[in-house]
Ligand SMILES: [Zn+2]
């Protein structure tokens, strides 16, 4: 099976390399019935905190609300869950990564989140070190972004979108600060959406019955690049994270 990999870069500077890594979108999830998910315990040295599980579940809820009943996420076992979320150690300045997986003939996704904000560059590291809500914002929006890929959304060039591709540069700390500024307490993350009108419109194109919620922005998505990005870490290692295929 060909594995499609979506790599999300941390580097703020646009570079030909970064833009060349614009991945192929996975296409919509097989959303017949309930979409089960599994959130793993954090890998050692990943920078994972116990409460990060909340962030992943809240990110799923954000997309579920956006889908207005079209998508329903329910917890499941690791071996059968269509969407599987793993917390992995820092690597190559990435925020996260999403891979397509096949689950009983359905297209699912394995999502890898790198919650070690110290490894995401000095600006992000400094802001996260001084403000736990900023740190949680980074991890939360990374979950929202990667789950967007899991749902089939692709990168955009719109800074307002959670699916914005950092390879284009811009004020990356500001990307997170605009969300952080809406929070007074950690629990606010559960109800402050990380999604833009453009994100909602892109979701609606993938799941036509969703319907855009007040989305007036035209969707500007990037053309897929060929060939797909190469995995940033060996597949063998991914297999160990996923556990033996059963
Ligand atoms: Zn991405």
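Values quoted throughout were computed directly from the atomic coordinates according to the rules given, and no laboratory measurement underlies them. In this text the structure is predicted, and so the values were computed from the model without any measurement. Cβ sites come from the backbone with ideal geometry, for glycine too, and all protein chains shown count toward neighbours.
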DSSP beta bridges in the stretch 55-209: the antiparallel percent, rounded to 5, is 55 percent
Fewest to most Cβ atoms within 10 Å: 132, 163 sort as 132, 163
Per its Cα gyration tensor (rounded if a/c is under 1.5, else prolate when a/b beats b/c, else oblate), the stretch 116-201 is best filed as oblate
Reduced to Cα centres, the span from the stretch 38-105 to the stretch 116-133 in Å works out to 21 Å
